[in-house]
Amino acid sequence: MLHEPICDIEYDMRLVLDTDVVLSGLRSPDGASRILLIAAWEGIIQPLASVATMVEYEAVLKRPEHLNQMGLDANDVEVFLDGFAAICEAVTPHFRYRPSIRDPDDEIFVDVVLNGAAEALVTFNVKDYRSSVTAEEGPGIHAIRPGDVLRRIQWRPSPATLSGFRPRS
C-alpha cells in the first residue's frame, strides 16, 4: 500500500533507490536523480542495497543502449557500482513478503525496504509499487519520486560539487 510520510524526511534518511533512479542519475547531469546520487556520496542520505539489487543495477547499467546514453563503458559502471556499494548499507533479506507488488521482478527492492527499515523506495514508477494486497494483509511501503525527496530536504550540492561529480574513475 502506498503511504504518505507523516513528516518531512530528515538528513541521513534511509532510502532504497530503484534502478530507474540510478540510471537516470548517471544519464542526466543535473536532474533530481543525479542530485540524490551526490547526496549519497556526501552522506546526506543513506542508500540501502542487497546483493540482488546490486546485481540488478549492474545488469541494467551495462546494457549497450544505457552505456551509450550515459557516455560510459562497462569499466566505468563497475567503478561506479564499487563506490556505490561501499556507501550503501548492506541489507540481507531474512524474510520476504510475497506477493507484495504487481511486478515480481521488483520484489527485490521491496525486500530491501522491509528488511532494512527504509523510510522510502525512490522510484519513477510509484504506481508499480502499490501493494497487490490490501493494507490489512500486506506491508505498506512509501514509494516516492526523486523530486519529492528533494522537496523534503534543504541540502543541495554546490555548483562545484554538481559539476565535479563523475561516476567514473
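The values are calculated or read from the model by the stated rules, or taken from the named source; none is laboratory data. Note that the structure is a prediction, hence the values are computed from the model and not measured. Cβ coordinates were reconstructed from backbone atoms using ideal geometry, including for glycine residues, and neighbour counts include every protein chain displayed.
Among the candidates Pro104, Pro64, the residue that is modelled with pLDDT of 95 or more and not polar (S, T, N, Q) is uniquely Pro64. Restricting the stretch 78-102 to residues that are free of Cβ contacts under 8 Å to residues at least 40 places away in the same chain and among the aliphatic types (A, V, I, L, M), the residue that is surrounded by the fewest Cβ atoms within 10 Å (Cβ to Cβ) is Ala86.
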